[in-house]
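Enquirer: After the structure tokens below, expect a handful of questions from me.
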Amino acid sequence: MKRKMCEGSALFLLVPLMLLVAGCSGGGSGGSSGSTGGVVAGLAVADKVSVVDAKDGGSASSGFLSALRKLSALSVESVPGGSDYLTDKTNIYVNEKAGEAFKSVNQILCMVGQTKYSDSALVNKGFYKAMINSGVCQGNDDAANSGSSSQGDTSASNAPSYDIWTVKTDRADANSPQYLTAYVHMAKGGATNQPMTVHARVTITEAASATNSLGIFSINYKGFADAAPSVVIFKGILKTERDNSGNVVIKFAEKEYGGPGGSVSRNVKAAYVKDDVAKTGQGSAYQYENHGQVNEGSINFAYNDLFFRRVDPKSDQGPCLDRNRFETSAWRYGLYDAVSGSRSTLNGGFPINTKADGSGYYGYLGYYGLNLPPDAPPLNDNTAVYKKVWESGSESTTPYTMFIRGGKLKKHTRATITLNDIKNIPLEGGIPTPGSVTPGNNMYRVTWDGSTLAIRASATMNSNGPPAWQDVNPATAINNSTILPFSNLSMYSQSLGGQVNIQLSGCQPVDTNNPGAGYTCSTPTADTQVIFYKENAMYPSDPVPATLACYDNCPKAAGSDGIDGTSQQSMTYQISFDSNMDNRHDYTFAGMLLTDSATGFAAILSTAPAGQSWGFNSGPLFEANSDNMALLACDWNPNQTCGWKAWNALSEFYTWETGPNTWNHFSAARDGQGNFIKFDPPLQVAYIHSQTDLTAYDYKYNGSKFFLQYSGFGDLQGIPGKCIDPASGNTVTDCSSPGLRWVPEFTIPADSTVASGNNTYLVKPLEVEQRMKKSPGSCTNLTPVDMSGSMPNLDSDWVDPALPAEPNVTDAPRVIGGVIQ
């Protein structure tokens, strides 16, 4: 599951944002236009800020770097030299608890990199708009993402979130510093968790190099809520400089003012010095947070070419880590054509403006709907919008008319694999406790380990944050003595694209006179079928049955004040759940609206009730023809209908998604002839994992098949995750506690392939982190010293960016998601 990066983010997210600007982009405006008209290359500084550099080594169990080293030898034979696959860079960095002061920095640096600040096509060309897809920079690092099924199969898990940046990058000539100015608009942030704007000025005097992996730069920034622009709610400074020995020192400080009366609610400071030649360094970090509960702590650290030591200054105790042994996790991947080596792209959408001259609000219209800035008023049905893009070096404007409905219909097409194909892939669901047919308050995590299908973890259902998973030890096997409510197990798996069903065989009712007493089925085997469905959103031109039936999780439109059911204005609907197998609910579908036949009102959820903030996704909707009804006949009585069988018996069905969020709606554009513009859905690709090292953590997935979702360059979702404690590096089951991280369980090696239909694609990791393992040796020669005296003092060192009013850039965005248009 993937959440929006800026939703619910704390102030520190904004600081890294500035850091991001400084670290990845070059320059803040000195106040002039800086447009010299010449072609000048920019200065590129660090893509990542970390307390220790990555190393090209590692244990065999990591698998990634050895595979990366095979890349050129393997790929040169299969793709042309100079192709995207060979030239795209893989960025490798180290994640370490001592760098938590920079936790959000790397996410922001990813976003800054999307501005293409150092590209000569943008340097000295004045202000330009950049649409930054923050979602691809988020990964699943937030522990809240451990509950992958919590979004209920709504589009929230994949919908992109574009932030609008206004950027200018200047450099007089090849011997001059580079300056960057950035106005950053964020959907939510800070202690108030509301729309925010960040102002930043950046100066870069030296690019990153082999002897200076960071570069020399300084960044000053501040953030304020759009509702109160005169009140600074956070500010920060990030800079690198050389000490008397010529080594690079990085200094960072940020404060957030979200406490009572504007008091400091967060204070983060760090400083460290590194010698890139000797491969040594040391530093200190301090963090204070008071969001109802005070948390405060400091860390000192030091490292050489072999070891890394982190200590608590109060106890002088801490782990000794091995710089040459680590685990790896890739956060971003690219897909490439297996023959040409070119990037695989999707027609995922295009930028729009609400006014023809570009003076309105910029947004993005794509497969998941319409994404607008937080201060933009919502668009209504039949509103005019304008596609504004750069084509062949010039801007083009195309008018469209919006078509908007408060919900959307999705089609699901059946596919079948076996338990043996998905060995050890976690499946989650709210199935009743084995032996009971009554739904309880627990979720269960079920896996097939090659011989047994068993419940291996459980958690109390929780709509506010990640489930608190606890190991079930010993695991509860599902076998021929287990009483189940149905003859199939309905589960959720992000690795298989969503809802899946394990189709058990040889099922018999426990009591033939009482079907509600449950079933016993044959013990699952490697050949037991697993059914999943491929999803596509429906457009007005797509054929859909005019009438649909539902038996499970059915939306009921109660109506309001007698308003016509086709209207979407001022309507409040109650969504209830229908699980009774004999209780059928009927609908009509016309004009892209699902109408409750019992009331004549459209099933639109305009205000989400508690626990449904992501929106509502219905159970199967299907055409009630004779063939489908025969498939749903109850095993014990063919004259009765078992609606729950729709999840696995039907070759296709539909679901209805609705809710208060833009991704819950159907938003499309019509051209002047009334034709709808269609966008590509995420590409579902099949990947078979290979790991032959018996000692490797991911050996359990050797031969397992994953159905991953590729939503565009850098965005490949579906790899299962695990929870780790950054302090110890240990894997933990319960990821609900603060401070834990959710990371991918394995990395797809660079020479791997995936398939979609008859097409084969090469995979390449683009962003990979290393996590050092505990050392069996000693760090006695490393003595961390306190560098708190080198930390910036925001009261005296911070310089107000003091940016003038943001210029009104009406040109089409020059950069979208890191791609220059």
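The values are calculated or read from the model by the stated rules, or taken from the named source; none is laboratory data. All values derive from a computational prediction rather than experimental measurement. Reconstructed Cβ throughout: ideal geometry from the backbone, glycine too, with neighbour counts over all protein chains shown. Remember, those area values only see protein heavy atoms, side chains included, never the ligands or the DNA or RNA. Shrake-Rupley method; radii C 1.70, N 1.55, O 1.52, S 1.80 Å.
Enquirer: Only residues in the stretch 272-287 that are more than 20 Å from residue 318 (Cβ to Cβ) count as the first member; pair them with residues that are open to solvent by 10 Å² or more (accessible area, probe 1.4 Å) and of a type in the set (D, E, K, R), Cβ under 9 angstrom, at least 6 apart or cross-chain, and list the lot.
Expert: Cβ pairs passing all conditions: 276/53; 278/305; 279/53; 279/55; 279/305; 279/323.
Enquirer: Give the stretch 721-748 a look and list any residue that's assigned to a strand (DSSP E or B) and free of Cβ contacts under 8 Å to residues at least 40 places away in the same chain, or say none.
Expert: Within the stretch 721-748, the subset assigned to a strand (DSSP E or B) is 721-724, 731-732, 741-744.
Scanning the stretch 721-748 gives 722, 731, 732.
Enquirer: Within the stretch 382-397, is there a residue that is at pLDDT 85 or above, outside any strand (DSSP E or B), open to solvent by 20 Å² or more (accessible area, probe 1.4 Å) and on the phi > 0 side of the Ramachandran plot? Give the derivation first.
Expert: If we filter the stretch 382-397 for residues that are at pLDDT 85 or above, which is where we start, we get 382-390, 394-397.
Remaining after also requiring outside any strand (DSSP E or B): 382-383.
Filter again for open to solvent by 20 Å² or more (accessible area, probe 1.4 Å), leaving 382-383.
Restricting the remaining residues to those that are on the phi > 0 side of the Ramachandran plot gives 382.
Yes; the residues of the stretch 382-397 include at least one that is at pLDDT 85 or above, outside any strand (DSSP E or B), open to solvent by 20 Å² or more (accessible area, probe 1.4 Å) and on the phi > 0 side of the Ramachandran plot.
Enquirer: Return the residues of the stretch 656-680 that are farther than 25 Å from residue 373 by Cβ and surrounded by 16 or more Cβ atoms within 10 Å (Cβ to Cβ); say none if nothing qualifies.
Expert: 656
Enquirer: Give the residues of the stretch 453-498 that are out of contact with any Cys (no Cβ under 9 Å at 6 or more places or on another chain), of a type outside the set (Gly, Ala, Ser), touching a residue at least 60 places away in the same chain (Cβ under 8 Å) and buried (at least 16 other Cβ atoms within 10 Å of the Cβ), sorted by residue number.
Expert: Listed by number, the residues that qualify are 453, 489, 491, 492, 494, 496.
Enquirer: Take the stretch 620-646 and flag every residue that is in a loop (DSSP other than H, G, I, E, B) and farther than 21 Å from residue 514 by Cα.
Expert: 620, 623, 624, 625
Enquirer: Can you give me the number of residues within the stretch 321-349 that are open to solvent by less than 20 Å² (accessible area, probe 1.4 Å) and either without any contact (Cβ under 8 Å) to a residue 12 or more places away in the chain or among the aromatic types (Phe, Trp, Tyr) (or both)?
Expert: 3
Enquirer: Where the second residue is among the hydrophobic types (A, V, I, L, M, F, W, C) and the first is without any contact (Cβ under 8 Å) to a residue 40 or more places away in the chain and lies in the stretch 646-674, which pairs have Cβ atoms under 6 Å and are six or more apart or on separate chains?
Expert: From the stretch 646-674, the pairs are 649/631.
Enquirer: Can you tell me which residue in the stretch 721-755 is most open to solvent (accessible area, probe 1.4 Å), limited to those that are of a type outside the set (Gly, Ala, Ser), under 30 Å from residue 339 (Cβ atoms) and in contact with a helix residue (DSSP H, G or I) (Cβ under 7 Å, 6 or more places away or on another chain)?
Expert: Looking only at the stretch 721-755, we keep the residues that are of a type outside the set (Gly, Ala, Ser), and these are 722-726, 730-735, 738, 740-749, 751, 753-754.
Still in the running and under 30 Å from residue 339 (Cβ atoms): 744, 746-749, 751, 753-754.
Cutting the leftovers down to in contact with a helix residue (DSSP H, G or I) (Cβ under 7 Å, 6 or more places away or on another chain) gives us 746-747, 749, 751.
Numbers: 746: 4, 747: 13, 749: 26, 751: 41 Å².
The selected residue is 751.
Enquirer: Somewhere in the stretch 526-546, is a residue within 30 Å of residue 684 (Cα to Cα), of a type in the set (D, E, K, R) and modelled with pLDDT under 90? I'd like the intermediate steps shown before the answer.
Expert: Taking the stretch 526-546 as the starting set, the residues that turn out to be within 30 Å of residue 684 (Cα to Cα) are 526-546.
Filter once more, so that each one left must be of a type in the set (D, E, K, R): 527, 534-535, 542.
From the residues that got through so far, the ones that are modelled with pLDDT under 90 too are 534-535.
Yes: the stretch 526-546 contains one or more residues that are within 30 Å of residue 684 (Cα to Cα), of a type in the set (D, E, K, R) and modelled with pLDDT under 90.
Enquirer: What do you reckon, is residue 705 at pLDDT 90 or above, open to solvent by 40 Å² or more (accessible area, probe 1.4 Å) and under 23 Å from residue 817 (Cα atoms)?
Expert: So residue 705 does not fit the description; no.
Enquirer: Mind listing whichever residues of the stretch 350-381 are open to solvent by 50 Å² or more (accessible area, probe 1.4 Å) and not acidic (Asp, Glu)?
Expert: 355, 356, 361, 374, 377, 378, 380
Enquirer: Among the residues of the stretch 250-301, which ones are surrounded by fewer than 13 Cβ atoms within 10 Å (Cβ to Cβ) and within 30 Å of residue 224 (Cα to Cα)?
Expert: First, pick out the residues of the stretch 250-301 that are surrounded by fewer than 13 Cβ atoms within 10 Å (Cβ to Cβ): 260-263, 277-278, 292-296.
Matches in the stretch 250-301: 260, 261, 262, 263, 292, 293, 294, 295, 296.
Enquirer: Before we move on, is residue 294 within 20 Å of residue 269 (Cα to Cα) and β-branched (Val, Ile, Thr)?
Expert: Here the answer is yes, as residue 294 does meet what is asked.
Enquirer: So, of the residues in the stretch 578-602 that are in a loop (DSSP other than H, G, I, E, B) and at pLDDT 90 or above, which turns out to be surrounded by the most Cβ atoms within 10 Å (Cβ to Cβ)?
Expert: 592
Enquirer: What is the number of the single condition among (1) at pLDDT below 85; (2) assigned to a strand (DSSP E or B) that residue 770 does not meet?
Expert: (1)
Enquirer: Related question: State whether the residues of the stretch 227-249 include one that is surrounded by 22 or more Cβ atoms within 10 Å (Cβ to Cβ) and part of a loop (DSSP other than H, G, I, E, B).
Expert: Yes, the stretch 227-249 has at least one match.
Enquirer: So, in the stretch 756-777, exactly how many residues are touching a Gly at 6+ places or on another chain (Cβ under 9 Å) and open to solvent by 50 Å² or more (accessible area, probe 1.4 Å)?
Expert: Number satisfying all stated conditions: 2.
Enquirer: Related question: May I ask you to list the residues in the stretch 325-354 that are out of contact with any Phe, Trp or Tyr (no Cβ under 9 Å at 6 or more places or on another chain) and at pLDDT below 90?
Expert: Scanning the stretch 325-354 gives 325, 326, 331.
Enquirer: To continue, here is another question. Which one is modelled with the highest pLDDT, of the residues in the stretch 108-120 that are surrounded by 24 or more Cβ atoms within 10 Å (Cβ to Cβ) and within 21 Å of residue 765 (Cα to Cα)?
Expert: 115
Enquirer: Among (1) open to solvent by less than 40 Å² (accessible area, probe 1.4 Å); (2) in a loop (DSSP other than H, G, I, E, B), where does residue 780 come up short?
Expert: (1)
Enquirer: Turning to a different aspect of this structure: Check off (1) free of Cβ contacts under 8 Å to residues at least 40 places away in the same chain; (2) surrounded by fewer than 17 Cβ atoms within 10 Å (Cβ to Cβ); (3) farther than 29 Å from residue 194 by Cα for residue 318 and give me the number that stays unchecked.
Expert: Unmet for residue 318, out of (1) free of Cβ contacts under 8 Å to residues at least 40 places away in the same chain; (2) surrounded by fewer than 17 Cβ atoms within 10 Å (Cβ to Cβ); (3) farther than 29 Å from residue 194 by Cα: (2).
Enquirer: All but one of (1) surrounded by fewer than 16 Cβ atoms within 10 Å (Cβ to Cβ); (2) at pLDDT below 80; (3) within 27 Å of the chain's Cα centre (by Cα) hold for residue 512; state the number of the condition that does not hold.
Expert: Of everything listed in (1) surrounded by fewer than 16 Cβ atoms within 10 Å (Cβ to Cβ); (2) at pLDDT below 80; (3) within 27 Å of the chain's Cα centre (by Cα), residue 512 misses just condition (3).
Enquirer: Are any residues in the stretch 166-180 under 13 Å from residue 207 (Cα atoms), open to solvent by 30 Å² or more (accessible area, probe 1.4 Å) and assigned to a loop (DSSP other than H, G, I, E, B), and if so, which ones?
Expert: 174, 175, 177
Enquirer: For the stretch 181-196, how many residues are open to solvent by less than 40 Å² (accessible area, probe 1.4 Å) and either among the basic types (Lys, Arg) or at pLDDT 90 or above (or both)?
Expert: The total comes to 3.
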